[in-house]
Structure formats: structure tokens, C-alpha cells
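Inspection log for the structure reproduced underneath, given as C-alpha cells.
The values are calculated or read from the model by the stated rules, or taken from the named source; none is laboratory data. These numbers come from a predicted model, not from an experiment. Don't worry about glycine lacking a Cβ; one is built from the backbone with ideal geometry, like all the others, and counts go over all protein chains shown. With ligands, DNA and RNA removed, areas are computed over all heavy atoms of the protein, side chains included. Shrake-Rupley method; radii C 1.70, N 1.55, O 1.52, S 1.80 Å.
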Amino acid sequence: MSDVRLHLVPVRSRDAKDFVRAWHRHHPPPAGQIFAVGAADATGTLHAVAIIGRPVARHLDDDATLEVTRTASDGARNANSLLYGAAWRAAKALGHRRLITYAQDGESGASLRGA
């Protein structure tokens, strides 16, 4: 994908889940969420989304922690890093002290380091 300038946009739950269905490689959308954020270009075309919710692991569900339960991208450069950073800032603004996520074997974690 070519370099497009992306900016953050709010995304409705239904739209975020539709985007995940269309673009995520191996998982369906999560059942619930607290909020979702997207990355769009100047024309408003959505290129990536992040869905943030309560932690899936019960022992981490302590009201201080949120989890990035799903991200999906059409391949736009740096989109996931943009979304991880925004998710953490929003979680902090909502009073949460920790934001977690998981990476699969074989994923480099570059987006998390970039955020």
C-alpha cells in the first residue's frame, strides 16, 4: 500500500466489526467493546481500526485494565502504530492504568514498539 497520510477518527461498533470481518486475517470481531478508533485518509476512507474492550482473561479484568482485542488494517503503513498510541491515550483519559494486547507467534511486534 502506498504511503497515505492518516488521521484518527471515531468508529461506531458496527463499522469497526464490519471492517474486521473484511480485513482481519484469522479472527472474527470480538463480542463486545468499550470503544473503537480508526485511521482514515484525507478523503475519509477507513484504512484500519482498533477495538478496545475489557480484558478477555478474567484475572486481568480489574477495572484498571483494558485490552486491545482486535486490530485490522488494509496494509496502510504505520496505521496500527497510530491506533495503538491513540488507544493508550484514550484508555488513560478514561481513568485506566493499563492497556494490554497479545501478539501471535511470527508477528514482530513492530507496531507496539512504534506506538
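Looking at HIS26, is it part of a strand (DSSP E or B) and not acidic (Asp, Glu)?
Answer is no for this residue.
When segment 82-99 is examined, which residues are found to be touching a Ser or Thr at 6+ places or on another chain (Cβ under 8 Å) and closer than 18 Å to VAL20 by Cβ?
Within segment 82-99, LEU83, TYR84 qualify.
Only one of (1) modelled with pLDDT under 90; (2) part of a helix (DSSP H, G or I) fails for LEU83. Which number is that?
Of (1) modelled with pLDDT under 90; (2) part of a helix (DSSP H, G or I), only one is false for LEU83: (1).
List the pairs whose first member sits in segment 76-93 and is under 18 Å from HIS24 (Cβ atoms), whose second member is open to solvent by less than 90 Å² (accessible area, probe 1.4 Å) and acidic (Asp, Glu), and whose Cβ atoms are under 9 Å apart, counting only residues at least 6 apart or on separate chains?
From segment 76-93, the pairs are ALA76/ASP41.
Could you tell me whether ALA93 is more than 20 Å from LEU8 (Cα to Cα), among the aliphatic types (A, V, I, L, M) and either touching an Asp or Glu at 6+ places or on another chain (Cβ under 6 Å) or exposed (fewer than 11 other Cβ atoms within 10 Å of the Cβ) (or both)?
So ALA93 does not fit the description; no.
Check off (1) in contact with a helix residue (DSSP H, G or I) (Cβ under 7 Å, 6 or more places away or on another chain); (2) surrounded by 17 or more Cβ atoms within 10 Å (Cβ to Cβ); (3) of a type outside the set (Phe, Trp, Tyr) for ASP74 and give me the number that stays unchecked.
(2)
Please find, among ASP15, ASP61, the residue that is free of Cβ contacts under 8 Å to residues at least 24 places away in the same chain, of a type in the set (D, E, K, R) and open to solvent by 20 Å² or more (accessible area, probe 1.4 Å).
Within the list ASP15, ASP61, the selection yields ASP61.
Quick test of your reading of the structure: HIS27 fulfils all but one of (1) at pLDDT 95 or above; (2) surrounded by fewer than 17 Cβ atoms within 10 Å (Cβ to Cβ). Name the failing condition by number.
Single failed check for HIS27: (1).
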